[in-house]
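Participant: Dumping the structure here so I can ask a few things about it.
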Amino acid sequence: MLIYESGDWMGKRRGALRDILYRAVYAREECLIYYIDRSPEHGARELYISSSKVIAVSNWAITLEDNETTIPLHRITKVTDRDGRVLWRKVQ
């Protein structure tokens, strides 16, 4: 898999992230997707999901297997392979 750390302007960062997510979802390359979850009861917190729970990748979000939950790409903070190696990381 591609190993990439973002640091360029937003378009290139999202393009690299989309490439990794496409591979993970459509080529069935297992990875963990870390993202910021915002809920009234818990506030902002970082969670992660397996790429096997993702059924679609668009230009702006990923859709989970319940076909209702979407996670915008700007909320994704990191993608790792199953061994914990960072494939993509958002630079603050």
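All of the numbers you see were taken from the coordinates with simple rules; none came from a lab. Note that this is a predicted model, so its numbers are computed, not measured. Cβ sites come from the backbone with ideal geometry, for glycine too, and all protein chains shown count toward neighbours.
Participant: Quick query: amide H of Cys31 versus all other amide H atoms, modeled in the peptide plane; which residues come in under 5 Å with a sequence gap of 5 or more or a different chain?
Facilitator: Under 5 Å from the amide H of Cys31 lie the amide H atoms of Ser51, Ser52, each far enough along the sequence or on another chain.
Participant: Take every Cα-Cα distance within the stretch 10-89, group them into 10 Å bins from 0 onward, and report for each bin the whole-number percent of pairs it holds.
Facilitator: So the P(r) values, bin by bin, are 19, 57, 23, 2.
Participant: Still on this structure, please answer the following. If packing is taken as the average count of other Cβ atoms within 10 Å, what order do 57-64, 43-50 fall into, highest mean first?
Facilitator: Peptide ranking by packing, descending: 57-64, 43-50.
Participant: Okay, moving on. Once the piece of chain linking Asp66 and Glu46 is laid out straight, how much longer is it, given 0.36 nm per residue of separation minus the C-alpha distance between them?
Facilitator: Answer, rounded to one decimal: 5.2 nm.
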